[in-house]
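Colleague: Please see the structure below; I have some questions.
The values are calculated or read from the model by the stated rules, or taken from the named source; none is laboratory data. Values in this document were obtained by computation on a predicted structure and should not be read as measured data. Cβ coordinates were reconstructed from backbone atoms using ideal geometry, including for glycine residues, and neighbour counts include every protein chain displayed.
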């Protein structure tokens, strides 16, 4: 993951957070279910990343490869949310 990739991931994540915050503010009555879906989504991405990193480490992969495997599920989810096809 290059410095630019890291910056882009952080910018995309902040954009998704801003959009979701504005949506929750605009429709507070729907906040409960939306927040529950968001938490579930984060837990799933974290679990998938931990599993992928564990497999990569068990194969003896370079630490950069292990890190990339750990971050990949979160990056995919953020990009999906940025396109507007994610949960919540």
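Colleague: Which one of 30, 34, 11 is part of a helix (DSSP H, G or I) and in contact with a helix residue (DSSP H, G or I) (Cβ under 7 Å, 6 or more places away or on another chain)? Before the answer, list the steps.
Modeller: On the way: 30 fails: in contact with a helix residue (DSSP H, G or I) (Cβ under 7 Å, 6 or more places away or on another chain); 11 fails: in contact with a helix residue (DSSP H, G or I) (Cβ under 7 Å, 6 or more places away or on another chain).
After ruling out the rest, the residue left standing is 34.
Colleague: Looking only at segment 69-88, filter to residues that are modelled with pLDDT of 95 or more and over 9 Å from the mean Cα position of the chain (by Cα); which one of those is farthest from residue 41 (Cα to Cα)?
Modeller: Selected residue: 69.
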